[in-house]
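Peer 1: My questions will all concern the structure given below.
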């Protein structure tokens, strides 16, 4: 455990120093500013000459915004993980730590934790600000946001661990494309499944893939007043946890098999 | 217990055999120099010994254990040929991290770091960022890392790389001091004179095989230098 804590500190510092992180910080701040602007506006909309139910509108807007931001945080974890372990292997910095009595899986999990630390920082800022602004200005309840943030954290763990495991055999660009492409397909599958009743390969993805968007959407459902999202929250959460455990095992197993440079 | 042992080790990368039936053995407290031309398999042998890679066939033991077992690496100090140090960390901070990973705690850890820094002559630069150090001083940091906590085995890959003549002499002193207190030393090097001064046994690798090996006194004929013995072995 002490070895993990030491390596986690190192991995987090490495992750924070990466060039992409300054871009992430700017994007996170812009997102917060955009949310601040959007939640402070007073729309004057009429439908068939009648003003719509603003609560419904705010709920739908909050649902969409929170979901998109949650997916952004998950993608961020995947992109950062795509070379956080690989770079330590390529530049040889991993060998000094692994020449010590440090189990391989401890090293890999510490690198993953470093990535998740950065994603948690960005996610905490963006999702936290979104939840508070939506609660204060749009009167949306907080518990759905907390549940969705938990699902987002678990999703980030799944995607980060799978990306890190994939990076052991794929080049960096291919891993990033796999992360973004895979997430796009999964989100599409989660989105169209209720309409298409889960037919075809998208249906298979929706039923068996990591439920990244659907768990967050189900958690945020209380914000929607006129739409019901079908799904068993417990089963979806259990599937996401199973994927998280599987992803961690894949990373640990994959890293044990890797041969290191001198 | 034998400190390290390779028994009939074969390591293949595709069709190419980097090591082909290699036997090596290092007793506690002994010094073994691993020599050979470029591509002879020296670095591959070190990778197998430290558990960084697995042999295609044959047996490898480090302190009586499979090198992939983290406990086998407890008490092992390693200086790689391609030394990559964290640029932003201070010398003391880096060594404290490594000492923690080596399993040292509390005062024992602080004392080990202080001793290692003192040993390699970096006391005045201990708070400096590693990125601000010259190549020679970084090599000293690498040595300090390898010497942390009085290891039972030192594995040194081209240990004098980047050191000036004074540094080379210092490095020889650190290796000999470690041996005097019973530490086994495995040195992979192209600098034959340094191996001759720090080791009592030599294995000359050529094309993945042990071309010659044994005690220095047996390997080098009267009137010969180690260089003569080396050339004779690799050209045979």
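What follows draws every value from the coordinates through simple rules; no lab data is involved. Note that the structure is predicted; figures quoted are calculated from it, not measured. As a convention, Cβ positions derive from the backbone with ideal geometry for all residues, glycine included, and neighbour counts pool all protein chains shown.
Peer 1: What FRET efficiency would be calculated for the residue pair residue A:253, residue A:56, taking the C-beta separation as r and a Förster radius of 41 Å, to the nearest 0.05? Don't jump to the answer; show the numbers that get you there.
Peer 2: Values: r = 48 Å, r/R0 = 1.17.
The computed FRET efficiency comes out at 0.30.
Peer 1: Right, something else. Please tell me the relative contact order of chain B in percent, rounded to the nearest whole number, where contacts are Cα pairs under 8 Å and at least six residues apart.
Peer 2: Worked out over chain B, it gives 27 percent.
Peer 1: Per-residue Cβ counts within 10 Å, from other chains only, averaged over A:98-109: what number is that?
Peer 2: 5
Peer 1: Residue by residue through B:77-87, how many Cβ atoms from other chains fall within 10 Å of the Cβ on average?
Peer 2: If you average over the peptide's residues, the count of other-chain Cβ atoms is 4.
Peer 1: What does a probe at residue B:132 reach in the range B:48-90, counting residues whose amide N is under 13 Å from the point 7 Å along Cα→Cβ?
Peer 2: B:88-90
Peer 1: Residue B:176 to residue B:150: FRET efficiency via 1/(1 + (r/R0)^6), r the Cβ-Cβ distance, R0 25 Å, to the nearest 0.05?
Peer 2: Result of the calculation: an efficiency of 0.95.
Peer 1: I need B:1, A:34 ordered by Cβ neighbour count within 10 Å, fewest first.
Peer 2: B:1, A:34
Peer 1: Same structure, new question: Among A:109-117, B:101-109, A:123-131, how do they line up by average Cβ neighbours within 10 Å per residue, starting with the highest?
Peer 2: The densest-packed peptide leads the list: A:109-117, A:123-131, B:101-109.
Peer 1: Once both axes come from the Cα atoms, what is the angle between helix A:19-40 and the longest principal axis of chain A, in degrees from 0 to 90, rounded to 10?
Peer 2: Compared with the principal axis, the helix lies near 10 degrees.
Peer 1: Between residue A:16 and residue A:238, what is 0.36 nm times their sequence separation minus the Cα-Cα distance? Round to one decimal in nm.
Peer 2: Here the answer is 76.8 nm.
Peer 1: Just checking the output field for B:99-111: average partner chain Cβ neighbours within 10 Å of each residue's Cβ?
Peer 2: Mean inter-chain Cβ contacts per residue within 10 Å come to 3.
Peer 1: With an 8 Å Cα cut-off and a minimum separation of 6 or more residues, compute the relative contact order for the range B:1-132 in percent. Numbers along the way, then the final one.
Peer 2: Values: 176 pairs, mean separation 28.0, N = 132.
It rounds to 21 percent for the range B:1-132.
Peer 1: Against the longest principal axis of chain A, how steep is helix A:142-167, in degrees 0 to 90 to the nearest 10, with axes from Cα atoms?
Peer 2: Tilt of helix A:142-167: around 30 degrees.
Peer 1: Divide by every residue of the protein assembly as shown the summed helix terms, -39500 (n - 2.57) for each DSSP H run of at least 4, and state the resulting mean residue ellipticity at 222 nm, rounded to the nearest 500 deg cm²/dmol.
Peer 2: Taking each H run of at least 4 residues, the total per residue is -19500 deg cm²/dmol.
Peer 1: If R0 is 45 Å, what FRET efficiency do you get for residue A:33 and residue B:124 from their C-beta distance, rounded to 0.05?
Peer 2: With a Förster radius of 45 Å, E is 0.40.
Peer 1: Extending each Cα 7 Å along its Cβ direction at residue A:225 and residue B:13, get the distance between those two points in nm, one decimal.
Peer 2: 6.7 nm
Peer 1: Once the Cα atoms of helix B:135-147 and of chain B are each reduced to a long axis, what angle between those two axes, in degrees from 0 to 90 to the nearest 10, is obtained?
Peer 2: Result, in degrees: 80.
Peer 1: Still on this structure: On the principal axes of its Cα set, how long, how wide and how thick is the range A:1-83? Give whole Å, largest value first.
Peer 2: 65, 24, 20
Peer 1: Okay, moving on. What area, in nm² and to one decimal, does the C-alpha convex hull of the range A:51-180 cast on average over all directions?
Peer 2: Projected over every direction and averaged, the Cα hull of the range A:51-180 covers 9.1 nm².
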